[in-house]
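The values are calculated or read from the model by the stated rules, or taken from the named source; none is laboratory data. In this text the structure is predicted, and so the values were computed from the model without any measurement. Cβ sites come from the backbone with ideal geometry, for glycine too, and all protein chains shown count toward neighbours.
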Amino acid sequence: MTATAPVPPTSTVPTGTVPSDPEPTPIPVPDPVVTPLTVPVFTHDVAIVGLGYVGLPTALAYHHAGRSVLALDVSARRLDDIANGAVDAIASDHDRLTEALDSTRFELTSDVRRLAFARAVIICVPTPVDAHLVPDLGILGRACATVAAEAVPGQLLVLTSTTYVGCTAELLGQPLAARGLVVGEDVHLAFSAERIDPGSTIVAQEQVPRVVGGATAACLERAVELLGRYADSVHPVPCLETAEMTKLLENTFRAVNIALANEFADVCTDLGLDVTDVIGAAATKPYGFMPFWPGPGVGGHCIPCDPHYLLWQLRRSHVEVPVMDAAMHQIAARPGRVVERVRKVLSDRGLGMAGARVLVMGVAYKPGVADLRESPALEILEQLQHEGAHVGFVDPYIDSARLPDGSELHAVADPRAFQPTLVLVHTAHPGLDVSWMAPEQLVLDATFRTAVPAERVTL
């Protein structure tokens, strides 16, 4: 027997679809084995569900703060990688992982029944979109169904995954109520979106304020206390929905401004101007301006995905948001713009795309990480291949990359031996090696800010 994870009810998101915005695929989840409501004996301060780029650093932060942590993931491979220290993480988190693996206060598990022994449970799972930019609620739906089924009296449940407004109440609050658990009395429920910047060491995780909303005043009090165990600052808001909308605003703000920066870059190229000079000059203004820099596109787990959770919800309500719509359309189209620019640069030198050898430097979605999620490089490589180019890539963090069409590329061992017709700089990792380039090498710099000893043009 299977159940279907809930979708927003008509009171929050009216029914009805538009042809360009299909419904998310129903989420088949097995009927969970419900934990009996017994008097709990908590052996862990907190359980973290999902040990990816958000969950693992969160678990390590709590352990480093002196808490006992149950770290849960359903992937045996991921658990093995963590147990062996084979994870993509900043140096301080590697140190914390070594410390945690030697501690009795840190337990790795795939057994969801262990959740009943944690005083608090924090859900840190991905919320991607599908190929049609429609929210894919599968992972989140299964995680919430499991946590709600295993919940015991006295627990605090916190959702950190970015999602649509009303999701916490629907995917956690409703299943808890169906079990007879009263939110705010038997169990407590809160939402506090993650704010981790993967690969960045500029601001420590503990220094980033946590925004949190609770289902009730008692829930908020519990959640503030939990988050304050490792975070220097906690900012409470009136309700779950305010906290959910806050994260959507944060990432939509970034998406809109990145789209604007990309548009200005295209305009500057047409006018023969260097957009970095323009942005740098504007950034001298000490108020009313924040610099955003153009590039080959937007990747990662946040900006290309999160605004679509709000757009999906608003379309169902027939609410028009033209600025957000335009920004996300521009972001989705950016890889195609890069391919067009490659074609133009080659054409200006009497060369065609068919048979051209194009080497992409850096395919991770941002510098300093081994993360390919939503990386524009994947779509760029696929489109270049489709148009007849012979493509390759180099990336010190990534050995192979699976393209959207399912084909797999392996990193080029020797970029000089590849004999590229054109080098496309996509991700400027720290210590990017450009020493192999000859002065006559044609380079298209999609980052706008990478110095190379060659014939450089910008996107």
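Kindly indicate whether residue 164 is crowded, with 24+ Cβ neighbours inside 10 Å and modelled with pLDDT of 95 or more. Yes, satisfied. Taking every residue in region 422-449 that is at positive phi and crowded, with 17+ Cβ neighbours inside 10 Å and pairing it with any residue that is modelled with pLDDT of 95 or more and part of a loop (DSSP other than H, G, I, E, B), at least 6 positions away or on another chain, the pairs with Cβ-Cβ distances below 6 Å are 448/294. Scanning region 180-213 for residues that are touching a residue at least 24 places away in the same chain (Cβ under 8 Å), over 19 Å from residue 124 (Cβ atoms) and assigned to a loop (DSSP other than H, G, I, E, B) yields 180, 181, 184, 185, 186, 201. One residue stands out among those in region 34-51 that are of a type outside the set (A, V, I, L, M) and modelled with pLDDT of 95 or more: the one that is surrounded by the fewest Cβ atoms within 10 Å (Cβ to Cβ), which is 43. Each residue in region 396-413 was checked for being under 17 Å from residue 383 (Cα atoms) and in contact (Cβ under 8 Å) with a residue 40 or more places away in the chain, and 1 of them qualify.
The set of residues in region 127-179 being part of a helix (DSSP H, G or I) and of a type in the set (Lys, Arg) consists of 142 alone. Pairing each residue of region 366-391 that is farther than 15 Å from residue 332 by Cβ and touching a residue at least 60 places away in the same chain (Cβ under 8 Å) with any residue that is assigned to a loop (DSSP other than H, G, I, E, B) and of a type in the set (S, T, N, Q), provided the two are 6+ apart or on different chains, yields C-beta distances under 6 Å for 367/427. Does residue 99 satisfy the condition of being of a type in the set (Asp, Glu), at pLDDT 95 or above and either assigned to a helix (DSSP H, G or I) or closer than 30 Å to residue 333 by Cα (or both)? It is true that residue 99 is of a type in the set (Asp, Glu), at pLDDT 95 or above and either assigned to a helix (DSSP H, G or I) or closer than 30 Å to residue 333 by Cα (or both). The condition of being more than 20 Å from residue 250 (Cβ to Cβ) and at pLDDT below 95 holds for only one of 152, 134, 182, that being 134. Counting only residues that are touching a helix residue (DSSP H, G or I) at 6+ places or on another chain (Cβ under 9 Å) and of a type in the set (Lys, Arg), region 392-419 holds 1 of them. Of the residues that sit in region 52-82 and are touching a Phe, Trp or Tyr at 6+ places or on another chain (Cβ under 8 Å) and closer than 29 Å to residue 179 by Cβ, which one is surrounded by the most Cβ atoms within 10 Å (Cβ to Cβ)? Out of the qualifying residues, it is 59.
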